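To start, the structure itself, in structure tokens.
Read the figures in this text as sums done on the coordinates, not as results from a lab. What you are looking at is a predicted structure, and each value in this text was computed from that prediction instead of being measured. Cβ placement follows ideal geometry from the backbone for every residue including glycine, while neighbour counts extend to all protein chains displayed.
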Amino acid sequence: GQSLEQPSEVTAVEGAIVQINCTYQTSGFYGLSWYQQHDGGAPTFLSYNALDGLEETGRFSSFLSRSDSYGYLLLQELQMKDSASYFCAVRDWDTDKLIFGTGTRLQVFP
Amino acid sequence: GAVVSQHPSWVICKSGTSVKIECRSLDFQATTMFWYRQFPKQSLMLMATSNEGSKATYEQGVEKDKFLINHASLTLSTLTVTSAHPEDSSFYICSAEGTGPYGYTFGSGTRLTVV
């Protein structure tokens, strides 16, 4: 099975940098992805790491270390609109199911 | 890009009644559709996987007789919550496999409130 753990909540101020960690236990997966979800909305794809290392997409970067079963999402130059829930997720190797992490609620303060 | 239209966006129903939620793929064929449920301040929990023309497979702990899934065509999958109770109040969201970023396209979700 798949299990992905995240901190439940993170707070930061506008302009700051925040890192959201994801530790996982999987039986086989294609890579680690990250989604953003605002209250009442659908998850929005942010980033994907198929290989170890850092992927940068604008203000957002994501990192994966398969040897450590660990990844993180880095958000820079935080804006109020970044206040949302963030989920790491994996696509199961055998079933193609997308399994979400426990989720991290980010609150950005002025 | 690929779009999955989910309806209704919100629904309020009386306890004991049934509610149907539809997910339509508008510009592609969705062979596989995943259904999730999300309680407030929790993660998205996979309920079931539906494949066009075959029976859905349910995750452990999900009652298949209560959550009826039909995937009769390549563009439509439905979830029916039967004999709804207040504890079924949740956010339900579908996801089609095969398109979209990272291979999944999500519907916009349905907020179900059972009173």
Compute the FRET efficiency between residue B:9 and residue A:16 as 1/(1 + (r/R0)^6), taking r as their Cβ-Cβ distance and R0 = 35 Å, and round to the nearest 0.05. 0.55
Measuring from centroid to centroid over Cα atoms, what is the spacing of segment B:41-114 and segment A:1-35 in Å? 24 Å
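Sort A:65, B:108, B:90 so the one with the fewest other Cβ atoms within 10 Å of its own Cβ comes first. Walk me through the numbers before you get to the answer.
On the way: A:65 13, B:108 16, B:90 20.
In increasing order of surrounding Cβ atoms, one gets A:65, B:108, B:90.
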Hull shadow area, averaged, segment A:51-99 [alpha-carbon convex hull, nm²]: 4.4 nm²
Which value in nm describes the separation of the simple spin-label points at residue B:113 and residue B:39, placed 7 Å from the Cα toward the beta carbon? 1.9 nm
Sequence-distant or interchain residues sharing an amide H contact under 5 Å with residue B:107, placed H: which? B:94, B:95, B:96
Can you compute the FRET efficiency between residue A:109 and residue A:66 using 1/(1 + (r/R0)^6), with r the Cβ-Cβ distance and R0 = 41 Å? Round to the nearest 0.05. 0.75
Can you figure out the FRET efficiency of residue B:29 with residue A:95, using R₀ = 22 Å and their beta-carbon distance, to the nearest 0.05? 0.65
For A:98, A:32, what ranking results if the residue with the fewest other Cβ atoms within 10 Å of its Cβ goes first? A:98, A:32
Along the charge dipole of the protein assembly as shown, Cβ charges K/R +1 and D/E -1, which of A:98, B:61, A:12 sits furthest on the positive end? B:61
Out of all Cα-Cα pairs in the protein assembly as shown, roughly what percent, to the nearest whole number, are more than 31 Å apart? 22 percent
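How many percent of Cα pairs in segment B:20-115 exceed 21 Å? Write out the running numbers ahead of the final one.
Numbers: 1195 of 4560 pairs.
Tail of P(r) above 21 Å: 26 percent of Cα pairs.
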Which is farthest toward the positive dipole end of the protein assembly as shown among A:30, B:38, A:109, measuring Cα position about the Cα centre, with Cβ charges +1 (Lys, Arg) and -1 (Asp, Glu)? B:38
On average, how many beta carbons from a partner chain sit within 10 Å of the beta carbon of a residue in A:94-103? 5
Dipole in debye (nearest 20) - the protein assembly as shown, about Cα centre, beta carbon charges: Lys, Arg +1; Asp, Glu -1: 600 debye
Estimated vicinal HN-Hα couplings, Hz - segment A:86-99 in sequence order (Karplus 6.51, -1.76, 1.60; Gly, Pro = x): 10, 10, 8, 7, 10, 9, 4, 4, 8, 10, 6, 6, 9, 10
What is the ratio of the Cα radius of gyration of segment A:1-50 to 2.2 N^0.38 Å, with N the residue count, to two decimals? 1.34
Would you tell me the mean number of C-beta atoms belonging to other protein chains that fall within 10 Å of each C-beta in A:56-66, as a whole number? 0
Relative compactness, chain A, computed as alpha-carbon Rg over 2.2 N^0.38 Å: 1.02
Take a quick pass over chain B and tell me how many lysine pairs come in under 22 angstrom between Cα atoms, counting only ones 8 or more apart or on separate chains. 7
